[in-house]
1. Using only alpha carbon pairs under 8 Å that are at least six residues apart, calculate the relative contact order of the range 206-292 and give it in whole percent.
2. Rounded to the nearest 10 Å², what accessible area does residue 82 show when all protein chains are kept and the probe is 1.4 Å?
3. With θ set to phi - 60°, apply the Karplus curve 6.51 cos²θ - 1.76 cosθ + 1.60 along the range 140-145 and write out the HN-Hα couplings as whole Hz, x wherever there is a Gly or Pro.
4. Once label points are set 7 Å from the Cα along Cα→Cβ at both residue 183 and residue 143, what is their separation, rounded to one decimal in nm?
5. Obtain the nm distance between the two label points defined at residue 136 and residue 83 by a simple spin-label model: each point lies 7 Å from its Cα along the Cα-to-C-beta direction.
6. Extension gain residue 190-residue 168, at 0.36 nm per residue separation less the Cα-Cα distance, in nm?
7. Within the range 196-252, what whole-number % of the accessible surface is contributed by carbon and sulfur, with the 1.4 Å probe and all protein chains included in the calculation?
8. Let me have the relative contact order for the range 238-279, percent, based on Cα pairs under 8 Å that are six or more residues apart.
Amino acid sequence: MRKIRGRRGGATQAYLLWYVEEPPTKSIACAAALSLAIGKGVAAWWTGALALFASALDSLADFFVSSVNLFSLMVAERPADEDHKFGHGKAEAIAALFQSLLIGGSVIFLVYSAGKRLLRGVRPDHLEGGMVVIFVSAAVSLWLTWRLNRRAAQTGSVVLKTDALHYAMDLYAYGGILVSFLLIRTTGWWFLDPLISLLMACYVGYLAHCLGRRAVDELMDREVDPSIRQKVTEIVMRYKPEIVGIHNFKSRQASSKIFLQFHLDMKSDLTFLQVHELEERIAGEIRREMGNVHVTIHADPEGHGLDQTDLM
């Protein structure tokens, strides 16, 4: 594997390295999602089990979402240009929002289909074959979950964490489907199939809500975690007594990159050169300790700083 060259701390680059520079991994991940969708879809048609159909829809959504995620990350990695001075990092959040809408549409369809099944009393058949498909699907999802979680620990990408969560969710769903199939086979309680599908729809709907909310927060420039401000303040105050305080702190996140800007209260007897050197040293230390961040600092003489939201 080749080393990543470019800006330091690029979680997006690490994700792209996994997908682009390791073709076997990329091919296996995408092919696995599509194969699971096709396999479970065929099994759902053969058995008439709505729960299998629900699981097939989820796998199909994973396949389309992975394709969209790859495209978005390629866009997010583009450097800033004349029309996008802050880069293209929000492409990742747009993809996540699209993903939440796609999953939400699947949830509506599942609820509708489960309701029809409960009213009509449709009973699934050939459940043994369906259980074999579920066992195979669970083994594949377990491997993918392990692989994605390992990469998520190394990168911290929003999209990568989302992918890992999808496959982890599949494992719980498979367990519920297997239990329902066993009960249907031994007791004849056909209604367990649409009931399990409704439970899956509720869980997937909650997942879509959380994912969409996170994407909207990023698109709307929601402030990052308060611990970020606390860490920046700690670094700034290491430069006492030249630095008196910090105010007008603002932050936002786009993909893996965090944008920080704030005012520094400095001793009024410092020269312009000293102020500039302090700004550079503080910004450099923040980048070294916090990774992929963009820092903008405005210096104010002690006692003359304005805390106005329309100023940098």
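The values are calculated or read from the model by the stated rules, or taken from the named source; none is laboratory data. Just so you know, these numbers come straight off a predicted model, no measurement behind them. Cβ: placed from backbone, ideal geometry, glycine included. Neighbour counts: every protein chain shown. What goes into the accessible areas is simple: the full protein's heavy atoms, side chains included, and nothing from ligands, DNA or RNA. Shrake-Rupley method; radii C 1.70, N 1.55, O 1.52, S 1.80 Å.
1. Once divided by the residue count of the range 206-292, the mean separation gives 25 percent.
2. About 140 Å², ignoring ligands and nucleic acids.
3. Along the range 140-145, the couplings run 5, 5, 4, 5, 5, 4 Hz.
4. 3.2
5. So the two model labels end up 4.6 nm from each other.
6. 5.2 nm
7. Exposed carbon and sulfur together represent 58 percent of the surface.
8. Over the range 238-279, the number comes to 38 percent.
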